[in-house]
Amino acid sequence: MTNKKIELINIHKNFEKKEVLKGLNLEISNGESFVIIGGSGTGKSVLIKCILGIMNPDKGEILVDGSNILNLKNSKRSLINQKIGMLFQNAALFDSLMVWENVSFGLIQNNKMKRDDAKETALEVLKKVGLNEKVSTLYPSELSGGMQKRVGLARAIANSPEIIFFDEPTTGLDPIMADIINNLIIECVKDQGITALSITHDMSSARKISDKIAMLHEGRIIWSGGPNEIDNSRNEHVDQFINGNANGPIKMEI
């Protein structure tokens, strides 16, 4: 049995005349926390949307547990997506639902769990991310940004997924709350043996939560390695990005 949980082979994606992904190849092992870094507009979010089925690549293969999910019919594709949790950049909570209803949304809608049982599960999961029962009856507008992120994380793990995607998990948070979120990600992923794919600009977060880091530039992975290797990558694009230098081979559009 292969140890590859996710594999992308020669993925291409165009938007009109703009080629965003240009033959991207990527392998993520079972139980691995994999982080992709790269500048804005390099295709990080497009990559995740292709795996989720929100977008279809123009060319290539996407394998999950060895099966090419691009060839699956809707019902089988839905079963694959039930293995996946997602923490969105801005938490993406439903404003009209209480915290526990947000956390249990997938359990009720997809798993057809009874509300009482779903609420009980939601309270248990909220405890894992450091939120008590009092928070469960609040609405998203009553929460701080850090608390919203924790609720988003609770929702992502409520269904005991095999895979979680983290989209800029620490964006907009102060350094202390960002570190709390990083620790929660590590705990949730390691405790449950989840395979994680994160995209981030936050190098402190990337170093802390990753087993492996890869840099996406101009539609391709140009470097990958362990977090302890990145400072000696010998790749001028990586060096420029991690040190935040304006001068270098990466030219930002102004």
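For segment 184-254, trypsin sites (Lys or Arg not before Pro) meeting the loop criterion (DSSP other than H, G, I, E, B) and having at most 12 other Cβ atoms within 10 Å: 234, 251. What the phi angles of segment 177-188 give under the Karplus curve with 6.51, -1.76 and 1.60, with θ = phi - 60°, is a coupling list of 5, 4, 5, 4, 5, 4, 5, 5, 4, 4, 4, 5 Hz, glycine and proline written as x.
Distance between the C-alpha centres of segment 86-133 and segment 168-213: 20 Å, rounded to the whole angstrom.
Return a whole-number percent for the relative contact order of segment 49-165, with Cα pairs under 8 Å and 6 or more residues apart as the contact set. Reported relative contact order: 35 percent. The ratio of the alpha-carbon radius of gyration of segment 127-221 to the globular-protein estimate 2.2 N^0.38 Å is 1.12.
How far is helix 115-128 tilted, in degrees, relative to the longest principal axis of the Cα atoms in the chain, given as a value from 0 to 90 rounded to the nearest 10? Once rounded, one gets 60 degrees.
Is the shape of segment 59-156 rounded, prolate or oblate, going by the alpha carbon gyration tensor and its root eigenvalues a ≥ b ≥ c, with a/c under 1.5 for rounded and a/b larger than b/c for prolate? Because a/c hits 1.5 or more and a/b exceeds b/c, segment 59-156 counts as prolate.
Summed over the residues of segment 106-189 and divided among them, the accessible surface reaches 48 Å² per residue at a probe radius of 1.4 Å. Note that segment 234-250 has calculated 3J(HN,Hα) couplings of 6, 10, 5, 5, 5, 4, 5, 5, 6, 9, x, 8, 5, 8, x, x, 7 Hz, one per residue in order, obtained from phi through the Karplus relation 6.51 cos²θ - 1.76 cosθ + 1.60 (θ = phi - 60°); glycine and proline are x.
When only C-alpha pairs under 8 Å and at least 6 residues apart count, what is the relative contact order of the chain, in percent?
On the way: 460 pairs, mean separation 64.0, N = 254.
In percent, rounded to a whole number, it is 25.
Placing R0 at 51 angstrom, the Cβ-Cβ distance between residue 141 and residue 191 gives a FRET efficiency of 0.95 after rounding to 0.05. If R0 equals 30 Å, the separation of the Cβ atoms of residue 79 and residue 56 corresponds to a calculated FRET efficiency of about 0.95.
Given charges of +1 on the Cβ of Lys and Arg and -1 on the Cβ of Asp and Glu, with all other atoms neutral, how large is the dipole of segment 1-85 about its Cα centre, in debye to the nearest 20? Could you put the intermediate results ahead of the total?
On the way: 13 positive and 8 negative charges, 52 e Å.
Dipole magnitude for segment 1-85 comes out near 260 debye.
Evaluate the Kirkwood expression for the hydrodynamic radius of the chain, namely the inverse of the mean inverse distance over all pairs of different C-alpha atoms, and round to one decimal in Å. Mind dumping the intermediate values first?
On the way: mean 1/r = 0.0527 Å⁻¹.
For the chain, inverting the mean 1/r across all distinct Cα pairs yields 19.0 Å.
The gain in end-to-end length when the residue 228 to residue 25 segment is fully stretched comes to 70.9 nm, 0.36 nm per residue minus the alpha carbon separation.
The label point for residue 12 and the one for residue 72, both projected 7 Å from the Cα toward the Cβ, are 2.5 nm apart.
Net charge of the neighbourhood of residue 163, taken over other residues with C-beta under 11 Å away and scored Lys/Arg +1, Asp/Glu -1, is -1. In this structure residue 50 has an accessible area near 0 Å², from a 1.4 Å probe over the protein heavy atoms. Listed values for segment 162-170 are Karplus-derived 3J(HN,Hα) couplings in whole Hz (6.51 cos²θ - 1.76 cosθ + 1.60, θ = phi - 60°), namely 8, 9, 10, 9, 10, 9, 6, x, 10, and x replaces Gly and Pro.
The values are calculated or read from the model by the stated rules, or taken from the named source; none is laboratory data. Since this is a predicted model, take the numbers as computed values, not measurements. FYI the Cβ positions are ideal-geometry reconstructions off the backbone, even for glycines, and counts take in every protein chain you see. Just so you know, the surface numbers come from the protein's heavy atoms only, side chains and all, with ligands and any DNA or RNA stripped out. Shrake-Rupley method; radii C 1.70, N 1.55, O 1.52, S 1.80 Å.
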